[in-house]
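Trainee: Provided herewith is a single structure, encoded as structure tokens, for subsequent inquiry.
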Amino acid sequence: MRIDLRSDTITQPTPAMREAMARAEVGDDVFGDDPTVARLEAHVSEFLGKEAAVFTPSGTMANQLALRAHTEPGDEILVDANAHIYYYESGAPAALAGVMCRCLPGVRGVFTAADVEAVLRPADQHFAPTKLVCIENTHNRGGGSVWPLQRIHEVAEVSRARGLRLHLDGARLWNAAVATGIPERDYAAHFDSVSVCFSKGLGAPIGSALCGTREFIQRARRFRKMYGGGMRQAGILAAGALHALEHHRARLAEDHANARALAEGLSRLPGIDLDPASVQTNIVLMHVTKLPAATLVGALDQAGVRVLATGPDAIRAVTNLMVSSQQIDAALEIFERILGNIR
Ligand SMILES: Cc1ncc(COP(=O)(O)O)c(C=O)c1O
């Protein structure tokens with residue numbers, strides 16, 4: 001038995017999802033002919049309280065379309081130093097949008113209105129014009145941390161007062177909503193654009209969406225084509241995403257409970273440094289004190305538990321649709337056995 005906690009992107013489509021995908025009505029979506037993609041775009045934009053949406057092959061593309069559509073080359077964007085957009089998107093802000101990233105010192109990915117104000121500069125020919133503030137909720141490298149709605153409100157207020165736009169990387173916005181009970185659209189209301197992923201906790205095999213005004217999405221659509229993201233009979237994928245939204249969103253609470261149980265169990269083990277209270281959603285970050293993270297990851301892998309080393313002494317485990325609470329118990333036993341053998 002393998003217990004795969006590397007990411008929530010490792011999920012396999014369920015038989016019911018495959019069935020929905022197989023039955024999907026499709027057409028050439030670049031011609032605007034795919035009824036299932038159209039249904040997904042209408043559904044997700046309505047769900048988030050936005051005018052329009054565009055379906056994309058990945059969260060990275062959705063974020064990068066947002067950057068490109070909100071800015072011009074040479075502009076500056078403000079982003080947390082550990083944000084996916086900056087940290088994990090292969091240098092795309094520089095390569096594709098041609099923007100400068102000004103990194104803010106978030107705590108577990110969450111920065112303050114004062115952090116934004118501290119870096120804003122007056123209009124002057126010496127300075128790159130600052131155009132966009134990006135927020136990631138939940139925050140991946142922050143350990144699945146949830147942005148408090150009040151904090152978003154404060155950041156949005158100072159940003160708007162200075163004429164900045166706001167983009168939400170909501171790859172795991174569903175997790176934030178399920179964890180807090182605050183609807184996705186209440187978070188989305190503070191932003192000009194929102195990206196969401198169907199292929200993380202929701203368990204669809206492929207697909208994300210970018211939402212915003214009709215005019216903004218029309219501009220993003222042109223860049224999607226330019227970036228090679230215009231897909232043809234993509235309704236097969238959109239059907240998986242629609243199925244995921246309908247059937248897998250509420251169950252994210254199970255992933256959160258599993259993550260908490262895992263964190264509580266791990267926090268009691270020797271050689272693991274972890275505060276279970278820091279676990280808000282489905283991501284568990286821990287520090288390893290007695291051996292290199294890579295050594296522990298290798299030993300766990302041999303024993304059937306897969307996790308990721310995210311630094312020399314750091315490990316990440318992510319609960320997901322493929323992992324039951326019994327498997328969390330089994331994973332904890334394996335951790336305990338391996339760590340018990342270290343002297
Ligand atoms: C917060 C966040 N945003 C965006 C992405 C990018 O998604 P994709 O892997 O589909 O490009 C990820 C992927 O893990 C993520 O964690």
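Derivation of every value follows stated rules applied to the coordinates shown; laboratory data play no part. Worth saying up front: this structure is predicted, and the values here are computed from it rather than measured. Because the Cβ atoms are built from the backbone with ideal geometry, glycine has one as well, and the counts that use them run over all protein chains shown.
Trainee: Please turn the phi angles of the range 227-244 into ³J(HN,Hα) values with the Karplus equation 6.51 cos²θ - 1.76 cosθ + 1.60 (θ = phi - 60°), one per residue in order, whole Hz, x for glycine and proline.
Mentor: Running phi through 6.51 cos²θ - 1.76 cosθ + 1.60 with θ = phi - 60° gives 7, x, x, x, 10, 8, 7, 7, x, 4, 6, 4, 5, x, 5, 4, 4, 4 Hz.
Trainee: Can you give me the relative contact order of the range 144-293 as a percent, contacts being Cα pairs under 8 Å and 6 or more apart?
Mentor: Working: 179 pairs, mean separation 35.0, N = 150.
Reported as a whole number, the value is 23 percent.
Trainee: Which of 246, 46, 254 moves the most in a Gaussian network model of the chain with Cα springs under 10 Å?
Mentor: Maximum among the listed residues: 246.
Trainee: Where Lys and Arg each count +1 and Asp and Glu each count -1, what net charge lies around residue 35 among other residues with Cβ under 14 Å from its Cβ? Provide the component values of the computation, followed by the final result.
Mentor: Values: positive: 23, 39, 232; negative: 25, 28, 29, 33, 34, 41.
Summing Lys and Arg as +1 and Asp and Glu as -1 gives -3.
Trainee: How far, in degrees from 0 to 90, does helix 59-70 lean away from the longest principal axis of the Cα atoms of the chain, to the nearest 10?
Mentor: 30
Trainee: Evaluate E = 1/(1 + (r/R0)^6) for residue 291 and residue 95, where r is the Cβ-Cβ distance and R0 equals 41 Å; express this FRET efficiency to the nearest 0.05.
Mentor: Efficiency, rounded to the nearest 0.05: 0.60.
Trainee: Take every Cα pair under 8 Å in the chain that's 6+ residues apart, average their separations, divide by the length, and report that relative contact order as a whole percent.
Mentor: So the answer I get is 25 percent.
Trainee: Run through the range 194-288 and list the trypsin sites (Lys or Arg not before Pro) located in a DSSP loop whose Cβ has at most 14 other Cβ atoms within 10 Å.
Mentor: Details: sites: 200, 214, 219, 221, 222, 224, 225, 232, 249, 251, 260, 268; in loops: 200, 232, 249, 251, 268.
Sites meeting the loop and neighbour criteria: 232, 251, 268.
Trainee: A follow-up question, please. Nearest 5 is fine: what % of DSSP beta bridges in the chain come out antiparallel, could you say?
Mentor: 50
Trainee: Also, I was wondering about something else. Find the centroid of the Cα atoms in the range 113-175 and in the range 296-313, then give the distance between the two in whole Å.
Mentor: 34
Trainee: Right, something else. In percent, how large is the relative contact order of the range 40-164, given Cα pairs closer than 8 Å and 6 or more residues apart?
Mentor: Contact order relative to length: 24 percent.
Trainee: Along the range 96-110, what does the Karplus equation 6.51 cos²θ - 1.76 cosθ + 1.60 (θ = phi - 60°) give for ³J(HN,Hα), rounded to whole Hz, x for Gly and Pro?
Mentor: Computed from phi, the couplings for the range 96-110 are 9, 8, x, 9, 8, 9, 9, 8, 9, x, x, 9, 6, x, 9 Hz.
Trainee: Relative to the Cα centre, what is the charge dipole magnitude of the chain, using +1 at the beta carbon of each Lys and Arg, -1 at the beta carbon of each Asp and Glu, and rounding to the nearest 20 debye? It would help to have the intermediate numbers written out before the result.
Mentor: On the way: 35 positive and 38 negative charges, 74 e Å.
Charge dipole of the chain: 360 debye, to the nearest 20.
Trainee: So what is the 222 nm mean residue ellipticity for the chain from helices alone, if each DSSP H run of at least 4 adds -39500 (n - 2.57) and you divide by all residues, rounding to the nearest 500 deg cm²/dmol?
Mentor: Helix contribution divided over all residues of the chain: -12500 deg cm²/dmol.
Trainee: Continuing with this model, one more query. For residue 310, enumerate residues with amide H under 5 Å from its amide H, sequence gap 5+ or separate chain, H modeled in the peptide plane.
Mentor: It is 315, 316, by chain and number.
Trainee: Per residue of the range 325-331, what does 6.51 cos²θ - 1.76 cosθ + 1.60 with θ = phi - 60° give for ³J(HN,Hα)? Whole Hz please, x for Gly and Pro, Karplus curve as stated.
Mentor: Each residue of the range 325-331 in turn: 5, 5, 5, 5, 4, 5, 4 Hz.
Trainee: For 126, 190, what's the fewest-to-most ordering of other Cβ within 10 Å of each Cβ? Mind showing how you got there, number by number?
Mentor: Details: 126 6, 190 20.
So the ranking, lowest neighbour count to highest, is 126, 190.
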